[in-house]
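The values are calculated or read from the model by the stated rules, or taken from the named source; none is laboratory data. Everything quoted here is computed from the prediction, not taken from an experiment. With ligands, DNA and RNA removed, areas are computed over all heavy atoms of the protein, side chains included. Shrake-Rupley method; radii C 1.70, N 1.55, O 1.52, S 1.80 Å.
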Amino acid sequence: MGSKSSGLHVRPRSAVRRRFDQLFREIAKFGAVGGAGLLVNLVTFNLVRSATGLQVVRASVIATIVAIVFNYIGFRYFTYRDRDSGGRTKEMGLFVLFSAVGLVIENGVLYVATYGFGWDSPLQSNIFKFLGIGIATLFRFWSYRTWVFRTVPDEAREVLESAKAILDEEPILDEEPEPRRSRARARAN
């Protein structure tokens, strides 16, 4: 009579499924940082606008810059912490470049609404600021993951993970280690 296995058989996930899961986690982390950055951006925008009396787009640019700094810290140390961190100067330069393009997209929408259509009430300004942030976010997600926070190549990632596993292991000693003997003494025995 054959034996029956009482354990569960788990099928390994396909490469496509693993990549999908990885992308989903990345989007979730990007969204978490981006959501917090959105709050920083909108709160700063409304505070600057009400406290200083600056024009709408100028207040928005200041708020966007504050959110960019906040987002860099969140992306580098949370969303993309497992990505290649070599060449921080280049990374920051690219981040600033793509963030500046996003700033133009975001505030361009607000500019057109405010000065092109005359929609400048506080509610309208917040709606078009939010819309501009949404459009700019799509560009930022693509550019940050493609150019700024680059992935480590698979071969290098495997080597790094193996090295980390080796360094994290504690040696298991079943017996007391033998005392070291010099080679000459070992040959004499």
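For this structure, a couple of remarks:
- For the residues Lys129, Lys29, a 1.4 Å probe over the protein chains yields an accessible-area ranking, largest first, of Lys29, Lys129.
- Ligands, DNA and RNA excluded, the heavy atoms of Phe128 present near 40 Å² of accessible surface to a 1.4 Å solvent probe.
- Residue ranking by accessible heavy-atom surface, 1.4 Å probe, largest first, among Val40, Val33 comes out as Val40, Val33.
- Gain upon complete extension [Lys29, Val16; 0.36 nm per residue less C-alpha separation]: 2.7 nm
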